[in-house]
Amino acid sequence: MKKIFTLVLITLLISCSSPLKKKFNEKTAEEDIKELKTKIDSTEMALLAVTMMRLKLQDEKLEEMTYAEILKKGKAWREEQEKIEAEKKELAAKALKLENERIKRLSESVLVTCYSKGFSTYDYQDYITYKFIVQNKSDKNIRAIKGSVTFTNLFDETIKSLSLVYDQPINSGSEATYNAQTDYNQFIDSDKALRNKDLEDMKVLWKPEKIIFEDGTILE
């Protein structure tokens, strides 16, 4: 019985002498930190340090807390941040899914691709020229479309994106060609890359934004 009592007493003394049980003190903080490094792992040590800084910036009175209490606050804050990050990722994934579904739905109605790219000079101004084909895949006549065309290299790295608006009627199941041009600036890297790369060495990505049908309905 005496041995058991001695063991319990020793355990209590060790527990009470744990540096985590000490209250924060600006004067002894440096020594306390050295001692804490031998008792807790580097991850908890980093969390403790960050939490002390954060609480101090929030004008919390660290002197009224033990290191264990500060660490507990840090863990609670970390869990809350992890929860927020998980919710943000879930929300972003949901938004991306909806956006992909929207693009798929619009792409099922109209498809745009570039089948020719060139270069011309007119009135001392240089232009990159394009020939697009617009296909109405829907069962209704189209009045106008709006979207963007992105040229990428074969590794899907963006070279240049262009806004595209076509406001000529396209009958259901029909196709139309559209000639367009953009100003060329020799000092802009994306312009130089687009001019110098052959069309067969690029991918052309169509991203529809809005379709207006002749019957007045809109898909977006």
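The values are calculated or read from the model by the stated rules, or taken from the named source; none is laboratory data. Just so it is clear, the model here is predicted, and its values are computed rather than measured. As a convention, Cβ positions derive from the backbone with ideal geometry for all residues, glycine included, and neighbour counts pool all protein chains shown.
Identification of strands (runs of 3 or more DSSP E) wholly contained in the stretch 135-220 with 3 or more residues that are without any contact (Cβ under 8 Å) to a residue 40 or more places away in the chain and either in the same structural domain as residue 116 (by TED's automatic domain parsing) or over 22 Å from residue 115 (Cβ atoms) (or both) yields 158-166. Among the candidates 145, 133, 159, 170, the residue that is modelled with pLDDT of 95 or more, surrounded by 16 or more Cβ atoms within 10 Å (Cβ to Cβ) and more than 28 Å from the chain's Cα centre (by Cα) is uniquely 170. For the stretch 67-119, filtered to residues that are more than 29 Å from residue 170 (Cβ to Cβ) and among the β-branched types (Val, Ile, Thr), the residue that is surrounded by the most Cβ atoms within 10 Å (Cβ to Cβ) is 70. Determine if the stretch 65-73 includes at least one residue that is within 30 Å of residue 27 (Cβ to Cβ), without any contact (Cβ under 8 Å) to a residue 40 or more places away in the chain and touching a Ser or Thr at 6+ places or on another chain (Cβ under 7 Å). There is at least one residue in the stretch 65-73 that is within 30 Å of residue 27 (Cβ to Cβ), without any contact (Cβ under 8 Å) to a residue 40 or more places away in the chain and touching a Ser or Thr at 6+ places or on another chain (Cβ under 7 Å).
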